[in-house]
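S.K.: Take this structure first; my questions come after.
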Amino acid sequence: MRFGWRAISGPVLTAATLLLAMLFDRLIPASSPAPLLVGIVALAGALSGLASALTSAAIAVIGATLLVLGRHGVSASIADLIQLGVLAITAAGTAGITGLMRERLLGTFAAERRSHATAARLSAALDQVDIGIVLLDAETRAEFINRAFRDYFALPDEIADGKPPFVALMYHGRDTGAFELPEDELGTFIAQRMEMVRTGDATPINIALRSGEVLRFVCAALPDGGRMLSYTPVTDLVRHTDAPSRADYYRSLRDPTGRRLIRYLRVAE
């Protein structure tokens, strides 16, 4: 037990209560201070833990015994002995429960702090990579958007930090002219991306931006029903064959089932 005001407050308060009880008992016979002593033991356990609570409980039982002996001497009644036994059991039980609960709560708080620290370090690390990362919850709302994605799509921090739905991110890219696509292709393109995210389709897709960047989009389904979206820059791998791949890319967007995808998009909205 570490000595400090928390550690000694319980035993000191217990001893002070017993001394006052003995003083008043000589002047005016009063009822047993057992309920108050049990409350002090609980307070000691909450403030400092099991050791302080057990110390307070021991002082309470010893002091209550001296108080009974001061009243009746060695001829204490059975009722007094039963009262002392109940106090001992109650005080010990209270000390154990409150002390162990405090240790468990402190352990939980420490684990949460470690978890938050790990999450903060991971977030900072993901902000240093050039791969755009978006984490979606089960309702496709963005729980995390790293710096690279914000830069690629000129996404303001106030929007990114507001946990926007994925469809809002797609519309932002459309409204800012981020995609290197004809306007009449954008609706089908957005619907396809929404369908991929909805089903967790992990097929890699190259996305050409008007800035000249080419990003490889991959959707990964997470165990909790969420999605991790990655946007890996592959400009150097794609642009040297830009003409033929560009045709294949646009043909891949012309889906004869585009109306079905548009319907899914409207449901997502």
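S.K.: Quickly rank 37-44, 196-203, 171-178 as a protection proxy: mean count of other C-beta atoms within 10 Å, highest first.
M.R.: 37-44, 171-178, 196-203
S.K.: With +1 assigned to the C-beta of every Lys and Arg and -1 to the C-beta of every Asp and Glu, and no other charges, what is the dipole magnitude of region 137-227 about the Cα centre in debye, to the nearest 20?
M.R.: Here region 137-227 has a charge dipole of around 180 debye.
S.K.: Between Ser32 and Glu103, what is the spin-label point distance in nm, taking each point 7 Å from the Cα along the Cα→C-beta axis?
M.R.: Label at Ser32, label at Glu103, 2.9 nm between them.
S.K.: Could you tell me what fraction of 2.2 N^0.38 Å the Cα radius of gyration of region 130-213 comes to, as a two-decimal ratio?
M.R.: Normalised Rg, Cα atoms only: 1.04.
S.K.: Another question, then. Largest first and to the nearest Å, give the Cα extent of region 5-122 along each principal axis.
M.R.: 69, 25, 17
S.K.: Something else: Among Gly132, Gly93, Leu106, flag the residue with its Cα farthest along the positive direction of the charge dipole of region 93-158, charges on Cβ as +1 for Lys/Arg and -1 for Asp/Glu.
M.R.: Of the options given, the answer is Gly93.
S.K.: Next question, about the same structure. Please report, in debye to the nearest 20, how large the charge dipole of region 81-219 is about its Cα centre when each Lys and Arg carries +1 at its beta carbon and each Asp and Glu carries -1 there.
M.R.: So the dipole magnitude of region 81-219 works out to roughly 860 debye.
S.K.: With each label point set 7 Å from Cα along the Cα-Cβ vector, what nm distance links Asp130 and Arg6?
M.R.: That separation, rounded to one decimal, is 4.9 nm.
S.K.: A further question on this structure: Which value does Rg/Rh take for region 66-135 over its C-alpha atoms, Rh per Kirkwood?
M.R.: With Rg and the Kirkwood Rh in hand, the quotient comes to 1.59.
Bear in mind that the values in this text are calculations on the coordinates, not laboratory data. Note that the structure is a prediction, hence the values are computed from the model and not measured. Counting neighbours? That spans all protein chains shown, and the Cβs are built from the backbone with ideal geometry, glycine included.
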